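Below: one structure, written as structure tokens.
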Amino acid sequence: MAERHESFGGLLFTILVALVLSVIPLPHYIELGRPAFLVLTVLYWSIAAPRLGGISLGFFSGLLLDLFRGAVLGENALALSAITYIFVREHQKIRLKPAFQQCLIVFGALVFYEAILFAIDGWSGHPLTTPWRWLHTLVGAIIWPLVSATLDRSRGVR
């Protein structure tokens with residue numbers, strides 16, 4: 001995959017679309033399985049253009065998610081920064097993997113992300129212990145090839 005000159009405006013546009021998709025109100029039964037669109041988008045940019053956004057993209061995207069969802073301020077920022085760090089550091093290895101292996105890597109990252117949120121919620125007295133909490137990690141891993149292909153097309157990569 002050739003390194004391309006990426007546009008910061010395109011990155012911001014995709015992040016804003018993902019933020020809207022992450023916070024738009026949905027019925028409860030659909031809300032349970034809604035993938036973490038913002039997390040998937042940040043992970044994509046961490047692989048595709050790690051120097052464009054990097055860990056700061058993860059932090060500020062997570063902070064916006066905290067503000068829009070009314071979560072404990074900084075919990076999504078911390079969790080997203082942690083997994084973004086791993087993806088930026090290992091972007092060359094992840095980028096070369098086949099789609100199925102990328103799905104497994106993304107699943108692991110989403111589980112790690114949710115585990116951090118679970119720990120922070122427990123420490124702050126907001127535990128949510130239902131097994132449905134983890135459903136979006138599986139849905140996010142399943143739709144990863146679609147998200148990746150869509151964002152590739154938005155960048156002009158075939």
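Observations
- Cα-based shape type of the range 46-124, given that a ≥ b ≥ c are square roots of the gyration tensor eigenvalues and the cut on a/c is 1.5: oblate
- Rounded to the nearest 20 debye, the dipole magnitude of the chain is 500 debye, with +1 charges on Lys and Arg beta carbons, -1 on Asp and Glu beta carbons, and the Cα centre as origin.
- The range 105-158-the range 52-89 distance, computed between alpha-carbon centres (Å): 12 Å
- Net charge of the neighbourhood of Val147, taken over other residues with C-beta under 14 Å away and scored Lys/Arg +1, Asp/Glu -1, is +2.
- Length available on full extension from Gln92 to Trp134: 0.36 nm per residue minus the Cα-Cα distance, which gives 12.3 nm.
- Once the C-beta distance of Ser7 and Arg69 is scaled by a Förster radius of 41 Å, the resulting FRET efficiency is 0.90 to the nearest 0.05.
- Cα shape, the chain, gyration tensor, a/c 1.5 rule: prolate
- Full extension of the segment from His28 to Phe60, taken as 0.36 nm per residue of separation minus the current Cα-Cα distance, would add 8.8 nm.
- Sorted by Cβ density within 10 Å, fewest first, the residues Glu31, Glu75, Glu114: Glu31, Glu114, Glu75
Here, each number is a calculation from the coordinates, and none is a lab measurement. In this text, all values refer to a predicted model and were calculated from it rather than measured experimentally. When we count neighbours, we look across all protein chains shown, and the Cβ atoms used for this are built from the backbone with ideal geometry, even at glycine.
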